[in-house]
Every structure is written in structure tokens, then in C-alpha cells.
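A.B. asks: Quick one: this structure, given as C-alpha cells, is what I'll be asking you about.
The values are calculated or read from the model by the stated rules, or taken from the named source; none is laboratory data. In this text, all values refer to a predicted model and were calculated from it rather than measured experimentally. Virtual Cβ from ideal backbone geometry, glycine too; neighbours counted across all protein chains shown.
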């Protein structure tokens with residue numbers, strides 16, 4: 001995309017993220033070389049959780065020249081692997097870092113589906129060792145438009161994970177017209193893509209907010225579909241987290257289809273995604289754990305959500 005403003009950057013710009021963490025001033029943007037990210041011996045992670053956490057939704061921060069080093073420190077402390085959603089312009093920086101630190105970084109390419117050379121970009125990302133695409137958003141047409149099919153065909157051939165923005169999308173310009181509409185990114189569009197391209201792991205960011213029920217039903221019937229709960233949902237639903245039982249309702253019934261690791265709990269169709277900057281990952285972890293408590297999510301299912309499912313998809317050690 002032509003330098004789109006991510007939800008995380010928009011919130012940071014408007015001060016919403018500051019309520020949760022004080023972020024040190026960033027130096028002016030400069031594109032560093034991959035050698036910038038050699039961090040040497042990292043301190044031992046004495047407070048690691050027992051299982052690996054895999055975050056599907058970490059945007060590469062172009063404005064932070066120390067992004068990779070900062071990510072590695074957090075990853076070591078939390079035993080976290082980040083799927084780094086990488087703008088095409090930064091593709092080589094993250095590809096190099098992922099080769100150096102494969103247990104901490106999974107490279108995911110962010111492309112503009114409406115770019116005239118998007119197919120060539122996707123082919124190059126594959127050559128560089130990328131493992132998927134995302135977050136696909138701000139599209140000019142619905143996700144299922146025929147013009148996007150060549151991209152999905154490549155992703156299907158590569159067996160990639162593809163992260164789609166689903167649901168309400170931020171408004172970037174308040175005083176200028178823009179060709180953006182949330183209905184083009186509704187969760188039910190992911191269903192058609194998942195059915196037509198069964199080798200794609202289709203991941204929906206934000207669980208279709210506010211159309212959670214559509215997201216849940218699409219995930220229930222399609223074994224290659226999962227959603228994260230990043231974004232505003234766990235904030236606005238803080239006092240009503242138990243309502244997510246109505247979305248993921250089929251636990252232990254005959255209606256769940258091919259659950260991960262044959263887990264009978266419907267919440268196993270969630271994966272962890274933060275989308276809140278490096279400083280916000282732990283805050284979102286706390287929110288996910290509050291959801292687990294409110295909805296009585298079993299420990300085995302929690303492990304799948306927080307990393308087990310994505311670790312298997314990407315071939316990571318657990």
C-alpha cells in the first residue's frame with residue numbers, strides 16, 4: 001500500500017495508546033540496514049511463560065530504527081514470536097532479521113491489493129522467505145473481487161497464512177474524501193476465500209468487529225479460518241466478556257468442524273493478536289486472559305490460542 005496509516009499508528013497519534021504506556025520519543029525515521037539489528041547477547045528470560053506465545057498481529061514500526069532490537073528483547077522476556085506485518089518497502093530489513101532470529105520473527109508481507117504490480121510483489125516476498133500476507137486492508141473493492149484472485153492463488157500455492165482486516169476500519173482523513181468503506185472487509189468475505197483456496201490459512205483481524213457472530217460462524221465451518229481479538233473489542237466488551245460465549249457457542253457439541261488438535265472448545269478458533277505496538281503486547285495478553293477467565297476457557301485451549309495453533313501453522317517449536 002502507499003504508506004497507509006495503521007490502526008495502531010492512528011491510535012498512537014491521537015493519544016489513545018498513551019493511556020496504557022508511556023512511549024519514549026522516537027528518532028526521526030531512517031531506514032536502517034539489517035546490521036543495525038544485531039543485538040548481541042540478550043539477557044536471560046527468567047520470567048518466561050511455560051509455552052511459546054505467538055502474536056499474529058505486530059506491525060513493523062517504520063519510525064523506530066530500533067524496532068527489531070526492541071522486539072527481540074520483548075520476545076526473549078515473554079517467550080514470544082511475532083508475526084511482523086511488513087510494508088513492502090521494508091521487506092528486506094525484516095527478511096534479514098527473520099533469518100537471523102527465526103524463533104522470534106515470522107515475516108508477513110503487507111501489500112496493497114489494488115497495486116498494479118501486486119502479483120510481482122507477492123512473488124518477490126515469497127523469494128525472500130516470507131510466510132504470508134497481511135494485514136490486508138483499505139481495499140478499493142470487497143475482498144472477494146475477481147481482481148484480487150491472482151494474489152490468493154499465489155498464497156494458496158505457497159500455503160501461506162493471510163491476515164485480513166475484518167470489520168470497522170479507522171478513518172484517516174476527516175476533511176478530505178477517501179475511497180474506504182468497512183463493508184468491503186466484512187468477516188463473511190473470508191468464507192469465500194477460505195473455501196476457494198483451502199491451502200490458505202485465513203486469519204481475520206478484530207473478529208469482524210462489530211459483526212462477531214458472522215466471524216464465529218465462518219470460523220466454525222471452515223477449518224482454515226481463525227480470528228484474533230485485537231483492536232477495540234476487548235476494551236468495549238470489558239464488562240461483558242462472557243457474551244463471547246454466544247459467538248463461540250459450539251463447545252462440546254456436534255457442530256464444531258475440525259477444531260485445532262481436536263480441541264472441543266469453540267474458543268480454539270481464536271489466535272492471539274495484539275495490534276498495539278510493542279509496548280502494548282503485554283496489555284493485550286492481560287485482556288485475553290481476562291476473556292479466558294470470564295468464559296471458562298480450559299488451559300489446553302488457552303495454550304492453543306496464545307501460541308499453539310500458530311506455532312503449528314508456521315512450524316515453530318512449542
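A.B. asks: Which condition from (1) under 19 Å from the mean Cα position of the chain (by Cα); (2) farther than 19 Å from residue 170 by Cβ; (3) part of a loop (DSSP other than H, G, I, E, B) is the one that residue 305 breaks?
C.D. replies: (3)
A.B. asks: Moving on to the next point. On the basis of being more than 19 Å from residue 56 (Cβ to Cβ) and touching a residue at least 24 places away in the same chain (Cβ under 8 Å), does residue 269 make the cut?
C.D. replies: no
A.B. asks: Further, regarding this structure: Name the single residue that is surrounded by the most Cβ atoms within 10 Å (Cβ to Cβ) among those in segment 141-177 being in contact (Cβ under 8 Å) with a residue 60 or more places away in the chain and more than 21 Å from residue 194 (Cβ to Cβ).
C.D. replies: Restricting to residues being in contact (Cβ under 8 Å) with a residue 60 or more places away in the chain and more than 21 Å from residue 194 (Cβ to Cβ), the top hit is 170.
A.B. asks: Moving on. Would you tally the residues in segment 294-318 being touching a residue at least 40 places away in the same chain (Cβ under 8 Å) and surrounded by fewer than 22 Cβ atoms within 10 Å (Cβ to Cβ)?
C.D. replies: Residues in segment 294-318 being touching a residue at least 40 places away in the same chain (Cβ under 8 Å) and surrounded by fewer than 22 Cβ atoms within 10 Å (Cβ to Cβ): 9 in total.
A.B. asks: May I ask you to verify whether residue 287 is under 26 Å from residue 84 (Cβ atoms), outside any loop (DSSP other than H, G, I, E, B) and without any contact (Cβ under 8 Å) to a residue 40 or more places away in the chain?
C.D. replies: No, not satisfied.
A.B. asks: Quick check: is even one residue across segment 80-103 more than 15 Å from the chain's Cα centre (by Cα), at pLDDT 95 or above and within 20 Å of residue 284 (Cα to Cα)?
C.D. replies: No, segment 80-103 has no match at all.
A.B. asks: Could you grab me the full set of residues in segment 187-220 that are touching a helix residue (DSSP H, G or I) at 6+ places or on another chain (Cβ under 7 Å), surrounded by fewer than 19 Cβ atoms within 10 Å (Cβ to Cβ) and not in a helix (DSSP H, G or I)?
C.D. replies: Scanning segment 187-220 gives a single hit, 199.
A.B. asks: For segment 34-79, give me each residue that is outside any loop (DSSP other than H, G, I, E, B) and at pLDDT below 95.
C.D. replies: 34, 35, 36, 37
A.B. asks: Only one of 274, 251 is part of a loop (DSSP other than H, G, I, E, B), in contact (Cβ under 8 Å) with a residue 12 or more places away in the chain and closer than 14 Å to residue 229 by Cα. Can you tell me which?
C.D. replies: 274
A.B. asks: Name the strands (runs of 3 or more DSSP E) wholly within segment 93-182 that hold at least 2 residues that are touching a strand residue (DSSP E or B) at 6+ places or on another chain (Cβ under 7 Å) and over 26 Å from residue 69 (Cα atoms)?
C.D. replies: Here the list reads 161-165.
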